[in-house]
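Trainee: To start, I am sharing the structure in question, which I have written as structure tokens.
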Amino acid sequence: MDMKDLIAEINALAKKKREVGLSAEEQKRQKELYAIYLKGFREQVRERLDNVDVTYPDGTVKSLKDAMKKKP
């Protein structure tokens, strides 16, 4: 499912919930859509952070993942 279509369906269910309420089946569908959306959002954030580099004042460059590792 395309993200644009997913968001449109989530918004349609949210609007219906505010106006008239949702059936049990629609509530289940809404939870499923939220889960799909959040999974995709988290994946996008992880991908973005995996491509971030940290440049230190001494000129060294490390990936954010390596820079965040705790030193013993």
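Trainee: Mind telling me which of the residues A35, A8, A12 ends up being under 14 Å from the mean Cα position of the chain (by Cα), assigned to a helix (DSSP H, G or I) and modelled with pLDDT of 95 or more?
Mentor: Only one candidate qualifies: A35.
Trainee: Also, quick follow-up: For segment 15-30, enumerate the residues that are loosely packed, with under 10 Cβ neighbours inside 10 Å and either charged (D, E, K, R) or assigned to a helix (DSSP H, G or I) (or both).
Mentor: Result: R18, E19, A24, E25.
Trainee: Determine the pairs where a residue that is farther than 28 Å from M3 by Cα, located within segment 42-60, has a partner that is in a loop (DSSP other than H, G, I, E, B) and hydrophobic (A, V, I, L, M, F, W, C) with Cβ atoms under 9 Å apart, the partner being 6 or more residues away or on another chain.
Mentor: V54/M68
The values are calculated or read from the model by the stated rules, or taken from the named source; none is laboratory data. None of these values were measured; they are calculated from a predicted model. Every residue, glycine as well, gets a Cβ built from its backbone with ideal geometry; the counts of neighbours run over all protein chains shown.
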